[in-house]
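Notes for the one structure printed next.
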Amino acid sequence: QVQLVESGGGLVQAGGSLRLSCAASGRTFRLYTAGWFRQAPGKEREFVASISWAGGATYYVDSVKGRFTISRDNPKNTVYLQMNSLKPEDTAVYYCALDSDRYRQGPLRSDYVDYWGQGTQVTVSS
């Protein structure tokens, strides 16, 4: 019954920036772990970043550390992914995800996800 609406994707040149947003409809968003995954053509969906329910802990895949920042605004029921210094290999469909267990430890795993966004395309040209 939770619906996630993603926005902010698009076409950008290498070295540019985008900010993805994911707005949730749930009443208890502030109690959910939130994260982002991505999937490139012909590749498996991979973990990108996640953030704990209160925002006190964040996790990133090594390839985006120092370039991407995940954040959340619980009063707005929204999670963000700020993407800087984008590279062509960042090209993928990006999916927002929620885990209803706020006590889960460590990075968000795909098999922990209870709700998925429909995805937003990010294309980085060389």
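The values are calculated or read from the model by the stated rules, or taken from the named source; none is laboratory data. Treat the numbers as computed from the prediction; the structure is a model and nothing was measured. All Cβ positions, even for glycine, are placed from backbone atoms using ideal geometry, and neighbour counts span all protein chains on display. With ligands, DNA and RNA removed, areas are computed over all heavy atoms of the protein, side chains included. Shrake-Rupley method; radii C 1.70, N 1.55, O 1.52, S 1.80 Å.
General observations
- Count of segment 100-125 residues which are touching an Asp or Glu at 6+ places or on another chain (Cβ under 8 Å) and not aromatic (Phe, Trp, Tyr): 10
- Pick from segment 93-111, criterion over 16 Å from residue 37 (Cβ atoms) and not aromatic (Phe, Trp, Tyr), ranking: most open to solvent (accessible area, probe 1.4 Å): 105
- Here residue 32 meets the list (1) of a type in the set (Phe, Trp, Tyr); (2) modelled with pLDDT of 95 or more; (3) open to solvent by 20 Å² or more (accessible area, probe 1.4 Å); (4) touching an Asp or Glu at 6+ places or on another chain (Cβ under 9 Å) almost entirely, failing just condition (2).
- Of all residues in segment 93-112, those satisfying the criterion of being in contact (Cβ under 8 Å) with a residue 60 or more places away in the chain and more than 15 Å from residue 8 (Cα to Cα) are 97, 98, 99, 100, 101, 102, 104, 107, 108, 109, 110, 112.
- Every listed requirement among (1) closer than 22 Å to residue 92 by Cα; (2) of a type outside the set (A, V, I, L, M); (3) crowded, with 17+ Cβ neighbours inside 10 Å; (4) over 13 Å from the mean Cα position of the chain (by Cα) is met by residue 53 save one, (1).
- Of the numbered criteria (1) within 20 Å of residue 8 (Cα to Cα); (2) not in a strand (DSSP E or B), the one residue 49 fails is (2).
- Matching residues, segment 63-92, being under 12 Å from residue 15 (Cα atoms), in a helix (DSSP H, G or I) and open to solvent by less than 40 Å² (accessible area, probe 1.4 Å): 90
- Residue within segment 114-121 that is assigned to a helix (DSSP H, G or I), of a type outside the set (Gly, Ala, Ser) and modelled with pLDDT of 95 or more present: no
- Segment 6-29, subset part of a loop (DSSP other than H, G, I, E, B) and at pLDDT 95 or above, residue least open to solvent (accessible area, probe 1.4 Å): 16
- All positions within segment 30-62 that are of a type in the set (A, V, I, L, M, F, W, C) and either without any contact (Cβ under 8 Å) to a residue 60 or more places away in the chain or more than 16 Å from residue 108 (Cβ to Cβ) (or both): 40, 48, 49, 51, 53, 54, 57, 61
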